1. In contact with an Asp or Glu (Cβ under 8 Å, 6 or more places away or on another chain) and under 28 Å from residue 36 (Cβ atoms): is that true of residue 142 in this structure?
2. From 173, 256, grab the single residue that is among the β-branched types (Val, Ile, Thr), in a helix (DSSP H, G or I), under 14 Å from residue 87 (Cα atoms) and modelled with pLDDT under 80.
3. Could you list, in sequence order, all residues of region 206-227 that are modelled with pLDDT under 80, assigned to a helix (DSSP H, G or I) and not hydroxyl-bearing (Ser, Thr, Tyr)?
4. Given 249, 243, 188, 184, which one is at pLDDT 75 or above and touching a helix residue (DSSP H, G or I) at 6+ places or on another chain (Cβ under 6 Å)?
5. Under 8 Å by Cβ, and 6 or more places apart or on different chains, what pairs join a residue from region 136-155 that is touching a residue at least 60 places away in the same chain (Cβ under 8 Å) with one that is of a type in the set (Lys, Arg)?
6. Looking only at region 126-141, count every residue that is surrounded by fewer than 16 Cβ atoms within 10 Å (Cβ to Cβ) and of a type in the set (Gly, Ala, Ser) and tell me the total.
7. Residue 203: surrounded by fewer than 16 Cβ atoms within 10 Å (Cβ to Cβ) and at pLDDT 75 or above, yes or no?
Amino acid sequence: MNVNYDQFVNELVWYLLPLFRVAAFVMAAPILSTGTIPMNVKVIISVAITIAIVPSLTPNNTIDPVSLEMFFLIFQQILIGVSLGFVMQFIFAAVVMGGQLIGMQMGLGFALMMDPQTGISVPVVSQFYNIIAVLLFLSINGHLVLIQILGESFNAIPIGGVGLPLSAIESLVYFSAWVFSGALIMVLPAVVALLMINMVMGVVTRATPQMNIFAVGFSITITAGFIVIMVTLSTALPQLIILFNEGFLFMREMLVAG
C-alpha cells in the first residue's frame, strides 16, 4: 500500500494541533488538573478527548510542521485551552478564599492542610468548602459540560482562525474580579455571624477584665464557627451553583467573542 508522505504529515498535524488545545485545557481546568491525577492519566485523557473531537473537524489547509505558522498555531491553541480552563479555576480559587475568611474569623487560620488541586497549603475550612464545591460540581455534571464546551470551541474558534481576541482575555480578568465578589457574598452570612461573636467576646473582655478570655474564647469561637457553617451551608450552595452557571455562560461568551 502506497502512503502519501505529505498527506500523512498533514493528518498528523491536524491531530497534534487539537491535542495542544485539549492538553492545555486539561492542565488548567479544575479537577482534571489536580495533582492527585498522574501525568500519564492526564495525557491519556487528553488523547482520548482529541481522538473523539478530530473526526468532526475539517482541515482548512496544509501546514508545514516546521514552519513559523505551526509554532504560532501551537501557541494559539495553548492560549485558548488555558483561557477556557482558568474560567472555572477562578471559581474554585474564590471558594478557597471565602473559606479562608471564615477560618480566620474562627481562629483556624493557622490550621493548614495540602490542597490537592493547587498543591499549596490552605486552611482546613477552605479545604472543607473546596471539597463541597468539587462534589457539587460533579453532581451537576460540570466536568461533562466542560468537555462539551471544549468541543464547541473548535467550531467557534477553528484551528487556523484568528483565535481569541484581546477583548476576551481582558473580559477574563474582569470576570475573575466578579467571581471573587460572588464568593464573598456566598460566605458573607458566616463571616458576619462570626464577627458578631468576636465583638461580643471583646465586650465581655472589657466588662470583666479579670476573666481569662484566652482560656474560653478560642473554644467558644471555634464551636460557634462550626455551628454557623452548618447553618449557613444551605444558603451558600445555591450561590455556588450560580457561580458555576455564570462560569459556563462566560466560557461560551468567550467562544462567541472569538
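1. Answer is no for this residue.
2. 173
3. 206, 207, 213, 214, 215, 216, 217, 218, 220, 222, 224, 225, listed by residue number.
4. One residue alone meets the criteria, 243.
5. 149/252; 150/21; 152/252; 153/21; 154/21
6. Final tally of qualifying residues: 1.
7. Here the answer is yes, as residue 203 does meet what is asked.
This table checks each residue for (1) over 27 Å from residue 104 (Cα atoms); (2) surrounded by 13 or more Cβ atoms within 10 Å (Cβ to Cβ); (3) in contact with a Ser or Thr (Cβ under 8 Å, 6 or more places away or on another chain); (4) basic (Lys, Arg).
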site	(1), (2), (3), (4)
143	yes, yes, no, no
175	no, yes, no, no
181	no, no, no, no
225	no, yes, no, no
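The values are calculated or read from the model by the stated rules, or taken from the named source; none is laboratory data. Keep in mind that what you see is a predicted model, and the values were worked out from it rather than measured. Using ideal geometry, Cβ is built from the backbone for each residue, glycine included, and neighbour counts are taken over all protein chains shown.
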